[in-house]
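First up is the structure itself, then whatever we jot down about it.
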């Protein structure tokens with residue numbers, strides 16, 4: 001994080017602690033996409049991820065006075081989101097929805113919506129969507145602790161040390177989990193890179 005961004009974030013935290021809820025709203029806006037992505041990649045369910053993101057910010061708001069302001073805010077938020085996601089995973093799998101069933105807001109006889117694709121037509125879109133779905137499935141098949149380190153490293157760009165702090169594990173544990181998770185993903189997705 002750049003010094004100017006860091007100072008601005010610190011200013012927003014101070015204003016929030018002084019009672020300025022709009023300042024916290026700015027913090028939420030700055031981090032909501034990344035927090036949602038952490039939860040979504042761990043849970044694989046958009047609604048569950050939205051719930052976890054909302055709960056993450058609620059918990060962060062309530063605990064902001066205990067946050068170590070010498071550290072960046074993002075890894076702390078990621079840790080909250082990851083922990084909440086892992087808790088939901090331990091409570092059981094998220095509910096599933098059949099892709100073959102008609103959407104509840106559309107009659108079963110309604111024609112599917114047609115949306116123009118500016119990215120190379122239907123075949124290219126289908127190939128990208130299939131590859132993304134395979135990658136998502138492979139990540140979701142990883143054990144939750146491995147999934148967390150993949151998300152934080154490759155999708156959120158945290159350093160190994162930041163991941164260790166966010167997951168409250170050792171640096172060697174983070175490296176080991178990343179190595180193991182990458183090997184599993186590589187073997188499951190080998191045909192995508194041929």
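Derivation of every value follows stated rules applied to the coordinates shown; laboratory data play no part. Not measured: the values here are computed from a predicted model. A quick note on method: Cβ atoms are made from the backbone with ideal geometry, for glycine too, and the neighbour counts reach across all protein chains shown.
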| message | As a footprinting exposure proxy, order 85, 173 by other Cβ within 10 Å, with the fewest listed first. | response | 173, 85
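Between residue 29 and residue 140, what FRET efficiency follows from the Cβ-Cβ distance if R0 is 22 Å, with the result rounded to 0.05? Intermediate results must be reported in sequence, preceding the final value.
Details: r = 28 Å, r/R0 = 1.27.
Efficiency, rounded to the nearest 0.05: 0.20.
By average Cβ neighbour count within 10 Å, what is the ranking of 65-71, 10-16 from highest down?
Values: 65-71: 9.6, 10-16: 15.9.
The densest-packed peptide leads the list: 10-16, 65-71.
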| note | Label model pair residue 173, residue 71: point-to-point distance (7 angstrom along the Cα→beta-carbon line) in nm is 1.4 nm
| query | Once you put a point 7 Å from the Cα of residue 90 and another 7 Å from the Cα of residue 186, both along the Cβ direction, what distance in nm separates them? | reply | 3.1 nm
| task | Find how much the distance from residue 17 to residue 130 grows on full extension, using 0.36 nm per residue of separation minus their present alpha carbon separation; answer in nm with one decimal. | result | 36.1 nm
